[in-house]
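Here is the structure we will look at.
The values are calculated or read from the model by the stated rules, or taken from the named source; none is laboratory data. All values reported here derive from a predicted model rather than from experimental measurement. Methodologically, a virtual Cβ is constructed for each residue, glycine included, from the backbone with ideal geometry; neighbour enumeration extends over all protein chains shown.
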Amino acid sequence: MLKAVLTAGAILVGATTVMSFSVRAQTIDASSAEAMEKSIAVVVSKLSPEDQQRFKAALTKITVTALLPKAFARPKAENGASKLSQADVIAFIRPMVDGKTAAEIIAAGLKTPNAGKATPEPKSQVADKEGKKRCLMSALPVKNARVERMKYVSSRQLRVTVTNNLSWPVSSVRISYSVQSQNRQVPWEEGNSFYKISGGINPGESREIGIGLYTTPNDIPANELSITASVADVVDADNRQFVREVTLIGAHEETSSRTCLD
């Protein structure tokens, strides 16, 4: 499902970086993915920077509003993920954007108050997820966090070691991390992403994970960087997330039934 939303985002919002096409009456042509991308580029090229941001936000709201109900209604793949082709995406979005001007898109986005926003969860579910996250921090400690220079490129990597003290194997982990200088309050880099681990991490096993760093200056010595890192979620061997605070594309829609610490 979310893969389809991201596909639409690439077509709609990503097109705003291309500014060399022309189209009739400066409206969106949604007859095909290529036509949509080119026409959006022209529409956006005529907008001020402020209106470009409003246009992008409105398109995102419209896209998510159009796709979410459709994605849930579609047949599921074997791993539980929704299946939406690019043709499906275009077909669902076309009635909402075809022939529309930038002003009409922005106005439509403003009339969609809940688009692109998750429905607030009951407090009990939020508390349950927070409890799971705290348990994972204890059950899968992150140690030996350090910044190393990569062998064949000029950038550096954050390397961490994760130990699995659960009674079941995990196939992916979501690492929440921050890298900053000791004399700065604002991090150079921070993230909260899933990392697929080839072979997984069996109970009692430790595996090392490398995370690319792209905005941390290379001239800062590694010993002058302050690093925090912890596990925020895991995926079990059945492709089900344990916490599911952030949805992993391609993961099963149901959360794992496994327990954190027996």
Looking at K143, is it surrounded by 15 or more Cβ atoms within 10 Å (Cβ to Cβ), on the phi < 0 side of the Ramachandran plot, charged (D, E, K, R) and out of contact with any Asp or Glu (no Cβ under 7 Å at 6 or more places or on another chain)?
no
So, P221, is that one free of Cβ contacts under 8 Å to residues at least 12 places away in the same chain and closer than 30 Å to M150 by Cβ or not?
yes
So, in region 130-171, exactly how many residues are of a type outside the set (G, A, S) and part of a helix (DSSP H, G or I)?
7
Taking region 203-249, which residues are over 19 Å from K129 (Cα atoms) and in contact with a His (Cβ under 8 Å, 6 or more places away or on another chain)?
D238
Within the group S172, S155, S257, S167, which residue is touching a Gly at 6+ places or on another chain (Cβ under 9 Å) and surrounded by fewer than 17 Cβ atoms within 10 Å (Cβ to Cβ)?
S155
Residues in region 169-198 that are touching a residue at least 24 places away in the same chain (Cβ under 8 Å) and either in contact with a Phe, Trp or Tyr (Cβ under 9 Å, 6 or more places away or on another chain) or closer than 29 Å to L261 by Cβ (or both): how many?
18
Could you tell me whether G200 is in a strand (DSSP E or B), assigned by TED's automatic domain parsing to the domain that holds S167 and either at positive phi or buried (at least 17 other Cβ atoms within 10 Å of the Cβ) (or both)?
yes
Here are the criteria: (1) in a loop (DSSP other than H, G, I, E, B); (2) closer than 28 Å to S256 by Cα; (3) touching a residue at least 60 places away in the same chain (Cβ under 8 Å). Tell me which single one T216 does not satisfy.
(2)
